[in-house]
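Student: First, the structure itself, so that you have it in front of you.
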Amino acid sequence: MTFWKLFARNRSAVMGLVIIFLIILMALTAPLFFPADPFSLAGQPMSPPGENGFLLGSDSLGRDVAAGIAHGAKTSLLIGLLATLVAVFVGVIMGALAGYYGGFIDNLLMRATEMFQTIPSFIFAILLVAIMKPSIESIVIAIAVVSWPAVARLVRGEFLSLRGREFVQACHTIGMNDIRIMLAEMLPNCLSPIIVIGSLMVATAILIESGLAFLGLGDPNIMSWGFQVGAGRTLLRSAWWVCTFPGIAILLTVLAINLVGEGLNDALNPRLRERT
Amino acid sequence: MTRLLDIRDLHVALPAGGQRAHAVKAADLHLEENEILCVVGESGSGKSLTARAVMGLLPKPHVHISQGEVMFQGEDLAKASEARLRQIRGSDISMIFQEPMTALNPVMTIGNQIDEVFRFHENMPGKERRARALKLLEDVHLPDPEQTLDAYPHQLSGGQRQRAMIAMALALDPKILIADEPTTALDVTTQAQVLKLIKEMQAEHGTGVLFITHDFGVVADIADRVAVMQNGLVVETGTTDEVLRNPQHPYTQGLMAAVPSLTPRAARARSEESVLSVNKLVKTYSSGGGLFGGKARVVHAAKEVTFDLARGETLGIVGESGSGKSTVARCIVRLNDAEAGEILLGGTDLRPLGRSAMRAHRSKIQMVFQDPFASLNPRTKVGKIIAQGPLLYGASTEEAREKALELLEIVGLDDRAYDRFPHEFSGGQRQRIGIARALALEPQILVADEPVSALDVSIQAQILELLDSIRDRMNLSMIFITHDLRVAAQVCDRIAVMRRGEVVEIGATEGIFANPQHEYTRDLLSAVPGKGWFASETAVAS
């Protein structure tokens, strides 16, 4: 069976994929539909949805909520992806070294990983951003720093079990060097769980970013969903639309990514394949 | 009179889209009281599913009985309700499995697990249950039954666990005992004891035993009647004498011929030239201890192991599990580091060499692994798996490719295998690929660690033949690790017998088989199943 067929067996995963596709489309076409800066004051403040030319209403300063959502999509997706890539990169290296060499190196790396894991991740992220000054880079770094331990633990476990497999030992007996064994022989065999955990991490990263922006720790020059929710929170009773629509955008995106992650898990994990 | 068990026209359907529609097709089998029926066949023959169909233990709904009946004392089990089956299981029909470690619950004591059987099926006070359990453990000759009752499965050895399983299976004096490869995971001496026990218990209780196995030696030792299965069909049934002495079906004949003879083949002249000598090799494993100290347990896997390997000869290292035979092999190819001793290859001691210094010598000693499914990277194409070695040692892509194609031909595979992935091949074919990979670096010495123990007997014979012809063609020396004395008799020029890390006896194969010096060697030889049935047929060996 092809990969796509396996994936498509999970209907909700396909739904998720469609939603993600639409959000990406929205992020790409934002400058076409909303050419103005989303921070610009576009008209009457506190307009309800559909009035004064605002599709989803405007906030207390008269900024267009719809424009904010469209432009914020790029920020959320970009930060989610970048942070995940960095986290997976670091996590794979740490996990691979620990799992492959074992012993002292494993002890050292895993104790270090545990140190990161003992601190509640969101508080840790707030702390990091507060220290580094809010900017896109610092947010990406902060999210990556709190996310890599999970990847490292996963990869370590996979490498530990692969290390003893006979095909890996066969590589030793033909004199292959360690780096090559790790990269070319072992890593491809644990790609599936890495892809799955990575896809789910994108969702978490988007949530953390929104949370940071909500608390006012986002990049002040870049529109994001979390910032919108944060800006509208005091008006929740008088102007519900300011918080609600960006909130729904976050919800949909995270849900869609989680569904796709689940679908990938079902498709890539042959043991679960028959569990219907 | 109704038969104890009568299987008529049994069809077991497999999920649609598989290789075959039926795992078992039109099987007719019957079992009388006080009789042992062996169902024998290779992997995929449907023998295990037949047994499970009787117990109602098929993995439904994917696999189910689609046609036919399983008559147990006049009652059709194929149509019985789940509740009725539960009643029958354990009390009237019970089962023992291949791996007692997984069949027993690891967090319950043996006593509790036997107790459960009584509690589910019979109403009796706790004291009496304990007394019955104790009696059962005595019956299966477990040492110190009182203590065993309170022991957890991991505290017993493999043989003891299987005895406990048998005790549990016989707890309610069932009319039928189904044994699914009950001795396959056991050492040969333990296997002999367990087979004896099953036979003894069967005779005592008059039980009908349905015994599933792939091993004709075991069949010869235990069966009253034999049914041979191939691809879901019962191809031949008859008494043990009829089937083993005078097989009618060509498939049975083939299987019988493939059982390696215990008579060693003719000795060959031994070369004067020694290619490898291992001197007083020592390797210990320690477990426990850890970060905060604690007492570590130390196991001696190799105690001053010493032997020589001459050019062109095959040295067998035989022994039971835990004897250290694999450890020695792994130390020689430097997958494990021995603590002391010498591994002399052409005047260089390999043991103390570091990783980079060792690289220059790696190509001279290559290894063939046991498990053909685990030994090939599932994500790498076969051609690349073989060509990798030469590429690492500086061959050009074109040279490596040619070498790989040439080797594929030598090991008897098609050119087209080059661009395929390992999962497209059967176990025997994969083992051929593994051999090709080992040969790609043109080694002087081939270390084969149980290369045929995961294979069916007919494939086993082909691989042994291949290894033999390659050794002669390339003038290789071979170290052949095996637990199977029949296999050792057919491929080895000399044999080293290992027990608990020590070489207790070493010598020419013929000498070891004809006149074993050490007591342990004699034990091993007498425990080989099916002695006397196949040994006379020496013509088979050629």
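Student: Any idea how many residues of region B:308-317 are more than 27 Å from the chain's Cα centre (by Cα) and not in a strand (DSSP E or B)?
Tutor: Adding up the residues that qualify gives 2.
Student: Among A:G247, A:G175, which is the only one that is farther than 28 Å from A:V90 by Cβ, within 14 Å of chain B (Cβ to nearest Cβ) and surrounded by fewer than 21 Cβ atoms within 10 Å (Cβ to Cβ)?
Tutor: Details: A:G247 fails: within 14 Å of chain B (Cβ to nearest Cβ).
Of A:G247, A:G175, the one residue that is farther than 28 Å from A:V90 by Cβ, within 14 Å of chain B (Cβ to nearest Cβ) and surrounded by fewer than 21 Cβ atoms within 10 Å (Cβ to Cβ) is A:G175.
Student: Give me a count of the residues in region B:389-417 that are part of a helix (DSSP H, G or I), closer than 18 Å to A:R180 by Cα and not small (G, A, S).
Tutor: The qualifying residues number 4.
To keep it simple, each residue is scored yes or no on (1) closer than 30 Å to B:G324 by Cβ; (2) surrounded by 22 or more Cβ atoms within 10 Å (Cβ to Cβ); (3) assigned by TED's automatic domain parsing to the domain that holds B:R500.
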site: B:K199; (1), (2), (3): no, no, no
site: B:G254; (1), (2), (3): no, no, no
site: B:L276; (1), (2), (3): yes, yes, no
site: B:N279; (1), (2), (3): yes, no, no
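Student: Is it the case that A:K74 is under 25 Å from A:P220 (Cα atoms) and free of Cβ contacts under 8 Å to residues at least 12 places away in the same chain? Explain how you work it out, then say what you get.
Tutor: Numbers: under 25 Å from A:P220 (Cα atoms): yes; free of Cβ contacts under 8 Å to residues at least 12 places away in the same chain: no.
No.
Student: How many residues are more than 7 Å from every other protein chain (Cβ to nearest Cβ) and under 23 Å from A:E185 (Cβ atoms) when one looks only at region B:332-346?
Tutor: 4
Student: Further question: Yes or no: B:A488 within 14 Å of chain A (Cβ to nearest Cβ) and either crowded, with 23+ Cβ neighbours inside 10 Å or modelled with pLDDT of 90 or more (or both)? Full working, then the answer.
Tutor: Details: within 14 Å of chain A (Cβ to nearest Cβ): no; either crowded, with 23+ Cβ neighbours inside 10 Å or modelled with pLDDT of 90 or more (or both): yes.
Judged against the criteria, B:A488 is not a match.
Student: From the set of residues in region B:347-388 that are within 8 Å of chain A (Cβ to nearest Cβ) and part of a strand (DSSP E or B), which is farthest from the chain's Cα centre (by Cα)?
Tutor: B:I365
Student: Right, here's the next one. So B:R362 clears everything in (1) modelled with pLDDT under 90; (2) of a type in the set (D, E, K, R); (3) surrounded by fewer than 17 Cβ atoms within 10 Å (Cβ to Cβ) except one condition, right? Which one?
Tutor: (3)
Student: With the condition kept exactly as written, say whether any residue in region B:444-452 is among the β-branched types (V, I, T), buried (at least 21 other Cβ atoms within 10 Å of the Cβ), modelled with pLDDT of 90 or more and more than 25 Å from B:L408 (Cβ to Cβ).
Tutor: At the first step, the residues of region B:444-452 found to be among the β-branched types (V, I, T) are B:445, B:447, B:452.
In the following step, the residues that additionally are buried (at least 21 other Cβ atoms within 10 Å of the Cβ) were identified as B:447, B:452.
So of that shortlist, the ones also modelled with pLDDT of 90 or more come out as B:447.
Imposing the further condition that a residue be more than 25 Å from B:L408 (Cβ to Cβ) reduces the set to none.
Checked against the condition, which is being among the β-branched types (V, I, T), buried (at least 21 other Cβ atoms within 10 Å of the Cβ), modelled with pLDDT of 90 or more and more than 25 Å from B:L408 (Cβ to Cβ), region B:444-452 yields no hits at all.
Student: What do you reckon, is A:L264 touching a Pro at 6+ places or on another chain (Cβ under 8 Å), in contact (Cβ under 8 Å) with a residue 12 or more places away in the chain and either within 13 Å of chain B (Cβ to nearest Cβ) or crowded, with 20+ Cβ neighbours inside 10 Å (or both)?
Tutor: Numbers: touching a Pro at 6+ places or on another chain (Cβ under 8 Å): no; in contact (Cβ under 8 Å) with a residue 12 or more places away in the chain: yes; either within 13 Å of chain B (Cβ to nearest Cβ) or crowded, with 20+ Cβ neighbours inside 10 Å (or both): yes.
Taking the combined requirement at face value, the residue does not satisfy it.
Student: OK, next. Within region B:366-384, how many residues turn out to be surrounded by fewer than 24 Cβ atoms within 10 Å (Cβ to Cβ) and closer than 22 Å to B:I445 by Cβ?
Tutor: Residues of region B:366-384 surrounded by fewer than 24 Cβ atoms within 10 Å (Cβ to Cβ): B:370-371, B:373-374, B:378-381, B:383-384.
Going one step further and asking which of them are closer than 22 Å to B:I445 by Cβ, we end up with B:370-371.
So the count comes out to 2.
Student: Do the conditions hold for B:R311, that is, is it surrounded by fewer than 24 Cβ atoms within 10 Å (Cβ to Cβ) and at the interface with chain A (Cβ under 8 Å from one of its Cβ atoms)?
Tutor: Numbers: surrounded by fewer than 24 Cβ atoms within 10 Å (Cβ to Cβ): yes; at the interface with chain A (Cβ under 8 Å from one of its Cβ atoms): no.
No.
Student: Going through region B:491-529 one residue at a time, which ones are without any contact (Cβ under 8 Å) to a residue 60 or more places away in the chain, farther than 21 Å from B:G324 by Cβ and surrounded by 21 or more Cβ atoms within 10 Å (Cβ to Cβ)?
Tutor: none
Student: With respect to A:I123, determine if the residue is in a helix (DSSP H, G or I), of a type in the set (V, I, T) and surrounded by 17 or more Cβ atoms within 10 Å (Cβ to Cβ).
Tutor: On the way: in a helix (DSSP H, G or I): yes; of a type in the set (V, I, T): yes; surrounded by 17 or more Cβ atoms within 10 Å (Cβ to Cβ): no.
The answer is no for A:I123.
Student: Would you check which residues across region B:318-346 are free of Cβ contacts under 8 Å to residues at least 60 places away in the same chain, under 20 Å from B:M478 (Cβ atoms) and assigned to a loop (DSSP other than H, G, I, E, B) and list them?
Tutor: Answer for region B:318-346, where residues must be free of Cβ contacts under 8 Å to residues at least 60 places away in the same chain, under 20 Å from B:M478 (Cβ atoms) and assigned to a loop (DSSP other than H, G, I, E, B): B:R334, B:L335, B:N336.
Student: Return the only residue of A:V196, A:V155, A:V168, A:V229 being surrounded by 20 or more Cβ atoms within 10 Å (Cβ to Cβ) and within 14 Å of chain B (Cβ to nearest Cβ).
Tutor: Values: A:V196 fails: within 14 Å of chain B (Cβ to nearest Cβ); A:V155 fails: within 14 Å of chain B (Cβ to nearest Cβ); A:V229 fails: within 14 Å of chain B (Cβ to nearest Cβ).
Criteria check complete, one pass: A:V168.
Student: Of all residues being in a helix (DSSP H, G or I) and of a type outside the set (D, E, K, R) in region B:36-56, which is nearest to B:G217 (Cα to Cα)? Just the residue, please.
Tutor: B:S48
Student: Same structure again: Just one of (1) over 25 Å from A:C171 (Cα atoms); (2) part of a strand (DSSP E or B); (3) touching a residue at least 12 places away in the same chain (Cβ under 8 Å) trips up B:L281, so point out which.
Tutor: (1)
Student: Can you tell which of B:I445, B:I463, B:I433, B:I459 is among the β-branched types (V, I, T) and within 11 Å of chain A (Cβ to nearest Cβ)? Let's see the steps before the verdict.
Tutor: Details: B:I445 fails: within 11 Å of chain A (Cβ to nearest Cβ); B:I463 fails: within 11 Å of chain A (Cβ to nearest Cβ); B:I459 fails: within 11 Å of chain A (Cβ to nearest Cβ).
Of the residues listed, the single one that is among the β-branched types (V, I, T) and within 11 Å of chain A (Cβ to nearest Cβ) is B:I433.
Student: Do the conditions hold for A:L212, that is, is it in a helix (DSSP H, G or I), away from every other protein chain (no Cβ under 14 Å) and surrounded by 21 or more Cβ atoms within 10 Å (Cβ to Cβ)? Step through it out loud before you land on a result.
Tutor: On the way: in a helix (DSSP H, G or I): yes; away from every other protein chain (no Cβ under 14 Å): yes; surrounded by 21 or more Cβ atoms within 10 Å (Cβ to Cβ): yes.
So A:L212 fits the description; yes.
Student: May I pose another question? Is at least one residue of region B:410-422 more than 14 Å from every other protein chain (Cβ to nearest Cβ) and of a type in the set (K, R)? Quick ask: steps written out before the conclusion?
Tutor: Keep residues of region B:410-422 that are more than 14 Å from every other protein chain (Cβ to nearest Cβ), which gives B:410-420.
In the following step, the residues that additionally are of a type in the set (K, R) were identified as B:416, B:420.
Yes.
Student: Does B:V107 count as aliphatic (A, V, I, L, M), within 14 Å of chain A (Cβ to nearest Cβ) and more than 24 Å from B:T183 (Cβ to Cβ)? Give the derivation first.
Tutor: Numbers: aliphatic (A, V, I, L, M): yes; within 14 Å of chain A (Cβ to nearest Cβ): no; more than 24 Å from B:T183 (Cβ to Cβ): yes.
So B:V107 fails the test.
The values are calculated or read from the model by the stated rules, or taken from the named source; none is laboratory data. Every value quoted in this text rests on a predicted model; they were computed, and no experiment measured them. Neighbour counts are summed over all protein chains in view; Cβ atoms, including those assigned to glycine, are modelled from backbone coordinates with ideal geometry.
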